[in-house]
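Contents: one structure, followed by commentary.
Computed from the coordinates by the stated procedures, all read-outs in this text should not be read as laboratory data. In this text, all values refer to a predicted model and were calculated from it rather than measured experimentally. A quick note on method: Cβ atoms are made from the backbone with ideal geometry, for glycine too, and the neighbour counts reach across all protein chains shown.
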Amino acid sequence: MPQVRHINRTDSSGRIYCCLRNKVVVLDKEHRSLFCAGCRMYAGDAGGLGVECLWEDVRPVGNPHLVDDPEAELRSNQTKKIPTKPAPPGLGAP
Ligand code: SF4
């Protein structure tokens, strides 16, 4: 699965969606020093507009994936696709 570059630009309240914490957070000094500084997903500061996070994404998103609405991104990330296997022969629907 490809590593997707998520370019999280802060919204009008300075918030972004954080994959590590799986929540919307204010991207302030505290979050950067307590979480981003030690995060393996950290991939840049989005040109000073937010934070870039690199992680495997099961959703059909572009790469890079530009995020301007952290609440929508949070909701979208709560719907995980579960891979399904075809039923073994004889166990399928009639
Ligand atoms: S770098 Fe890590 S801690 Fe910082 S916003 Fe991205 S996922 Fe969250």
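Per-structure values
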read-out: Under 5 Å, built H, 5+ apart or other chain: amide partners of Leu27; value: Arg15, Ile16
read-out: Backbone N under 13 Å from the Met1 label point (7 Å along Cα→Cβ), restricted to region 43-78; value: 55-61, 77-78
read-out: Given charges at Cβ of Lys, Arg, Asp, Glu: the chain dipole, positive-most of Leu27, Gly62, Gly90; value: Gly90
read-out: Phi to ³J(HN,Hα) by Karplus 6.51 cos²θ - 1.76 cosθ + 1.60 over region 43-59, Hz, x for Gly, Pro; value: 9, x, 10, 6, x, x, 9, x, 8, 10, 10, 10, 7, 6, 10, 7, 7
read-out: The chain - charge dipole about Cα centre, Lys and Arg +1 at Cβ, Asp and Glu -1, debye rounded to 20; value: 360
read-out: Fewest-first sequence of Glu30, Glu73 by Cβ atoms within 10 Å of each Cβ; value: Glu30, Glu73
read-out: Cut-off under 5 Å, modelled amide H: who pairs with Asp57 long-range; value: Val4
read-out: Label-reachable residues, region 4-20, where backbone N falls under 20 Å from a point 7 Å from Ser33's Cα toward its Cβ; value: 14-16
read-out: Net lengthening on full extension, Arg40/Arg75 (0.36 nm per residue, minus Cα-Cα); value: 10.3 nm
read-out: Long-range amide H partners of Tyr42 with built H, under 5 Å; value: Leu54
